[in-house]
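What follows is a set of notes on a single structure, which appears directly below.
The values are calculated or read from the model by the stated rules, or taken from the named source; none is laboratory data. Everything quoted here is computed from the prediction, not taken from an experiment. Please note: Cβ atoms are built from the backbone with ideal geometry, for glycine as well, and neighbour counts cover all protein chains shown. Heavy atoms of the whole protein, side chains included, go into the accessibility calculation; ligands, DNA and RNA do not. Shrake-Rupley method; radii C 1.70, N 1.55, O 1.52, S 1.80 Å.
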Amino acid sequence: PERFNNKTNGVTPRRWLLESNPRLSQLITERVGDKWPTRLDDLKKLLPLKDDSAFRERWQPIKRENKIDLGAHLKRKYGIVTSPDAMFDIQVKRIHEYKRQLLFAFFLVHKYLDIRMNPGKTHVPRVAIFGGKAAPGYGMAKLIIKFINSIAGVIDGDKRVRDLLRVVFMEDYRVSLAQLIVPACDLSEQISTAGTEASGTGCMKFMMNGALTIGTYDGANIE
């Protein structure tokens, strides 16, 4: 222990909540005061409000409005129309085999086939969003990006499915784009292979903005 110890990267709530999500930030400030951006433990004061219906009724429209903002960008940039009432299921991080964008893509193929083969079943509408950079020489990463876009193309061309499932790969992923994506997320995909996500920080950004995490029991997901 005196020679080997863990260092976990962090993210600043001033960028990833206060600036990125002003609607939610204002609501939090009203209930816990204005010191939380530099004293994040103050967010524990929100715990007693989990059973407060009036608080939840103010929280939920904030998420919906953030989804409307992201949906407007998707329509303007890609011509894709999304519903703010759909689940926004998001994985944005470097494209890498261990981060398992491919696993998420296979899941979406499964969802597509499930909707096609079971039209009478109740399906939750879902907007699946990918984003991330790939290393210039990483051929497999580029094939994964191509595969995701091919899935999106098939779904977009299928009138029987596209109202229930949309897939989008957002190009040129960067901080300013992440600040639009993160506040709109319902489900955060943190599914890296166990033992390889040494110190991911994307999960922290999504958690601070009220997304549910589905993830490997590993690394920063635990912390």
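Just one of (1) open to solvent by 70 Å² or more (accessible area, probe 1.4 Å); (2) among the hydroxyl-bearing types (Ser, Thr, Tyr); (3) part of a helix (DSSP H, G or I) fails for Thr122. It is (3). Out of everything in the stretch 193-211 that is hydroxyl-bearing (Ser, Thr, Tyr) and at pLDDT below 90, what residue ends up being nearest to the chain's Cα centre (by Cα)? If we take residues in the stretch 193-211 being hydroxyl-bearing (Ser, Thr, Tyr) and at pLDDT below 90, then Thr201 is nearest to the chain's Cα centre (by Cα). Across the stretch 67-85, the number of residues qualifying as of a type outside the set (Phe, Trp, Tyr) and in a helix (DSSP H, G or I) comes to 11.
From the list Arg166, Arg162, the lone residue that is in contact with a helix residue (DSSP H, G or I) (Cβ under 8 Å, 6 or more places away or on another chain), of a type in the set (D, E, K, R) and farther than 21 Å from Val92 by Cβ is Arg162. Reported count of residues in the stretch 180-196, each being open to solvent by 30 Å² or more (accessible area, probe 1.4 Å) and either within 14 Å of Val92 (Cα to Cα) or touching a helix residue (DSSP H, G or I) at 6+ places or on another chain (Cβ under 7 Å) (or both), is 4. Scanning the stretch 197-217 for residues that are open to solvent by 40 Å² or more (accessible area, probe 1.4 Å) and part of a loop (DSSP other than H, G, I, E, B), we see that the one that is nearest to Lys99 (Cα to Cα) is Ala198.
From the list Ala178, Ala128, Ala220, Ala135, which residue is among the aliphatic types (A, V, I, L, M) and in a loop (DSSP other than H, G, I, E, B)?
Exactly one of Ala178, Ala128, Ala220, Ala135 is among the aliphatic types (A, V, I, L, M) and in a loop (DSSP other than H, G, I, E, B), namely Ala135.
So in the stretch 155-175, with the set limited to residues that are in a helix (DSSP H, G or I) and either small (Gly, Ala, Ser) or closer than 15 Å to Tyr78 by Cα (or both), which one is most open to solvent (accessible area, probe 1.4 Å)? Looking at residues that are in a helix (DSSP H, G or I) and either small (Gly, Ala, Ser) or closer than 15 Å to Tyr78 by Cα (or both), I get Asp156.
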